[in-house]
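> The structure's right below; bear with me while I get my questions together.
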Amino acid sequence: MAFEEKLLTVPPPVEVAGRHVKRYHVTADPAGIAPEVSEAAYAILPQLLPDPDGTPPATFVVLHRGGDDGAYLNVYSWVWDNVLHFRGAAAGQPVLGCPDRDPTHFVALERPWIGCVWELPPIQHERDAWVRHLLRPDAPDLAGYLADSMPEGTTGPF
């Protein structure tokens, strides 16, 4: 099977547990990610967030609906001013320790994996946006960072 990019949508940011969360959804399905899958993913999100450390409270997530039963939530939070903290969760993927094939039954993962080829493109954009809006200016601009998302379309140029 030949590699194909997946569709990328960018729902508006939300606030969860005092953190501003930018969201990216990845799927091959033109209909997008089913609401019950995204609701289940965002329900586990609070337990995947780090404690505040004085860094502007910003996180970005990549919610990926796989081509099988799997759904994956990658949570990247800015800590220590310029470091990404990672936690992940999965549903419907027994190989990763999920108890069943239900794509709404998310469990936190302990594997050190940070994302697959379809989940990685937002990381580069978010790194550059963090530098543009929080590290380079004389005064950090959290609102500017939250408004600066990767454009919708596909996960890459291929």
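The values are calculated or read from the model by the stated rules, or taken from the named source; none is laboratory data. Keep in mind it's a predicted model, so treat the numbers as computed, not measured. Neighbour counts are summed over all protein chains in view; Cβ atoms, including those assigned to glycine, are modelled from backbone coordinates with ideal geometry. Surface areas here come from the heavy atoms of the whole protein model, side chains and all, with no ligands, DNA or RNA. Shrake-Rupley method; radii C 1.70, N 1.55, O 1.52, S 1.80 Å.
> Once the other residues with Cβ under 14 Å from the Cβ of Leu146 are scored (Lys, Arg +1; Asp, Glu -1), what is the net sum?
Details: positive: Arg19, Lys22, Arg23, Arg132; negative: Glu15, Glu126, Asp141, Asp148.
In short, 0.
> With charges set only on the Cβ (+1 for Lys and Arg, -1 for Asp and Glu), what does the dipole of the chain come to about its Cα centre, in debye to the nearest 20? Could you put the intermediate results ahead of the total?
On the way: 11 positive and 21 negative charges, 36 e Å.
So the magnitude is around 180 debye.
> Provide the net charge surrounding Cys116, with neighbours chosen by a C-beta distance below 15 Å and charges set as Lys +1, Arg +1, Asp -1, Glu -1.
Values: positive: Lys6, Arg65, Arg111; negative: Glu4, Glu5, Asp68, Glu119.
Here the charged neighbours net out to -1.
> Here is a follow-up. With the crude spin-label approximation of a point 7 Å out along Cα→Cβ, what separation in nm comes out for Asp102 versus Asp138?
It is 5.5 nm.
> Quick check: at a probe of 1.4 Å, how many percent of the accessible area of the chain sits on carbon and sulfur atoms?
On the way: 4720 of 8240 Å².
Carbon with sulfur: 57 percent of the solvent-accessible area.
> Can I ask one more? Using a 1.4 angstrom probe on the protein heavy atoms only, could you order Phe86, Phe158, Phe106, Phe3 from most to least accessible area?
Working: Phe86 55, Phe158 180, Phe106 20, Phe3 110 Å².
From most exposed to least exposed: Phe158, Phe3, Phe86, Phe106.
> Shifting gears a bit: Could you compute the longest span of the chain free of GluC sites (Glu not before Pro) located in DSSP loops and having at most 12 other Cβ atoms within 10 Å, not counting the site residues?
Values: sites that count: Glu4, Glu110, Glu152.
Value returned for the longest uninterrupted segment is 5-109.
> Regarding the chain, what's the average projected area of the Cα-atom convex hull, expressed in nm²?
Working: hull surface 37.3 nm².
Mean projected area for the chain: 9.3 nm², to one decimal.
> Now for a different question. Scan around Gly156 for amide H atoms under 5 Å from its own, H built in the peptide plane at 1.01 Å from N, and keep only partners 5 or more places away or cross-chain.
Answer set, sorted by chain and number: Lys6.
> When averaged across all projection directions, what area in nm² does the alpha-carbon convex hull of the range 74-158 cover? Present the calculation step by step, with values, prior to reporting the outcome.
Working: hull surface 28.7 nm².
So the Cα hull casts an average projection of 7.2 nm².
> When the helix-only estimate is applied to the chain (DSSP H runs of n ≥ 4, each -39,500 (n - 2.57), divided by the residue count), what is the mean residue ellipticity at 222 nm, nearest 500 deg cm²/dmol? It would help to have the intermediate numbers written out before the result.
Details: 3 runs with 26 residues, N = 158.
Roughly -4500 deg cm²/dmol at 222 nm, from the helical runs in the chain.
> Okay, next question. Per residue, how many Å² of accessible area does the range 1-154 show with a 1.4 Å probe? Let's see the in-between values first.
Numbers: 7910 Å² over 154 residues.
That works out to 51 Å² per residue.
> Once you put a point 7 Å from the Cα of Ala31 and another 7 Å from the Cα of Val131, both along the Cβ direction, what distance in nm separates them?
Each label point is offset 7 Å from its Cα along the Cβ direction, giving 4.1 nm.
> Mind pulling the angle between the C-alpha long axis of helix 35-44 and the longest principal axis of the chain? Nearest 10 degrees, somewhere in 0 to 90.
With both axes taken from Cα atoms, the answer is about 60 degrees.
> Continuing with this model, one more query. Over the chain, what is the relative contact order in whole percent, taking alpha-carbon pairs under 8 Å and six or more residues apart? Mind dumping the intermediate values first?
Details: 304 pairs, mean separation 35.8, N = 158.
Worked out over the chain, it gives 23 percent.
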